[in-house]
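Working notes for the structure below.
Just so it is clear, none of the values below were taken in a lab; they were calculated from the coordinates. Note that the structure is a prediction, hence the values are computed from the model and not measured. Here the Cβ is made from the backbone with ideal geometry for all residues, glycine too, and neighbour counts use every protein chain on show.
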Amino acid sequence: MPDAWEASAAEHMKRLPDLFEMARHYSEAGEADKAVKILEETLAFHPDNIGVLNRLAVAYNDSGRPEKGRELLLKAIEKDKRNLSAHIALAASCVALGAYDEALGYAARATELETNSAPAYLAKADALLAMERDQEALVALEAAARCDPQNAAIQMSMGDVCLQNLEQPAEALNHYRAAVRLDPALVSGYVRIGQLNIERGEAGQAREAIRMIRKLAPSGPALGVLEERLTRLEQEKDKRD
């Protein structure tokens, strides 16, 4: 007959997917500390479970404790040297700790383990951006986009790198347009498009972006700012004409 610990462990094993889902929910809601608590309790019953180690480490990262995440992930990789998720999360831990060369090494290893993994290339891009190797980061983001061509967030990241790091506004605009084609409800994409078109003096295109923002997020803070800037642009054009 199983003792109390064995019975509890068996019950935890049945509940493991539910516990993972609860932890994910808390993390996505910005309550990473609650996710940590759930997963720490789970780890007590499953100390060698790679999935628990990985998820708890990510929760530590999200809660601002990357040093604890790094410690767990190193254990996970000791148990499974081909663990893709652990390498990706470990790269994030190292970036947060300022260990950029180490982060890049783990991210590069992740891309070797799975050549078609968008998260692996995104981890590599994050490490390269932290090292101010912006052009190489853009190449990594392009690889991520090839792995996951329907991901609007990757296009937004590419646009931001082009605009903020590489001073390539025309290229940035192309990526933002690609993002809203993939996700027509992506307000941040329309905001960037509106801003860039106002800076380029393209009132018509800016007005169309503002129309979409007004439709999708009429109470958003960006709308009033863009409308005011567009009004000034049109007034200046009227004076010139």
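Listing for the model above:
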item: Peptide ranges 152-158, 184-190, 202-208 listed from the most packed, as the mean C-beta count within 10 angstrom indicates; result: 152-158, 184-190, 202-208
item: The stretch 114-160 shape via C-alpha gyration tensor axes, a/c threshold 1.5; result: oblate
item: Quotient of C-alpha Rg and 2.2 N^0.38 Å, computed over the chain; result: 1.27
item: Global form of the stretch 150-241, assessed from the alpha-carbon gyration tensor, a/c cut-off 1.5; result: oblate
item: Span from the the stretch 165-214 Cα centroid across to the the stretch 27-70 one, whole angstrom; result: 37
item: Partner aspartates and glutamates for K237 [C-alpha distance under 19 Å; skip if fewer than 8 residues away on the same chain]; result: E199, E202, E208, E227, E228
item: Förster radius 22 Å - calculated FRET efficiency between L74 and D148 (Cβ-Cβ, nearest 0.05); result: 0.20
item: Unit charges at the beta carbon, dipole of the chain: most positive-side option, S188, N61, A120; result: S188
item: Cα-based shape type of the stretch 14-141, given that a ≥ b ≥ c are square roots of the gyration tensor eigenvalues and the cut on a/c is 1.5; result: prolate
item: Label point distance in nm, E227-E31, each placed 7 Å from Cα along Cα→Cβ; result: 3.6
item: Most mobile of Q164, Q135, Q195 in a GNM of the chain (Cα contacts under 10 Å); result: Q164
item: Candidate lysines for bridging to K68, where Cα separation is under 23 Å - those fewer than 8 sequence places away on the same chain excluded; result: K34, K37, K79, K81, K124
item: At R0 = 41 Å, FRET efficiency that the Cβ-Cβ distance of R214 and L16 yields, to 0.05; result: 0.35
item: Whichever lysines have a C-alpha closer than 17 Å to that of K215, once near sequence neighbours (fewer than 8 apart) are set aside; result: none
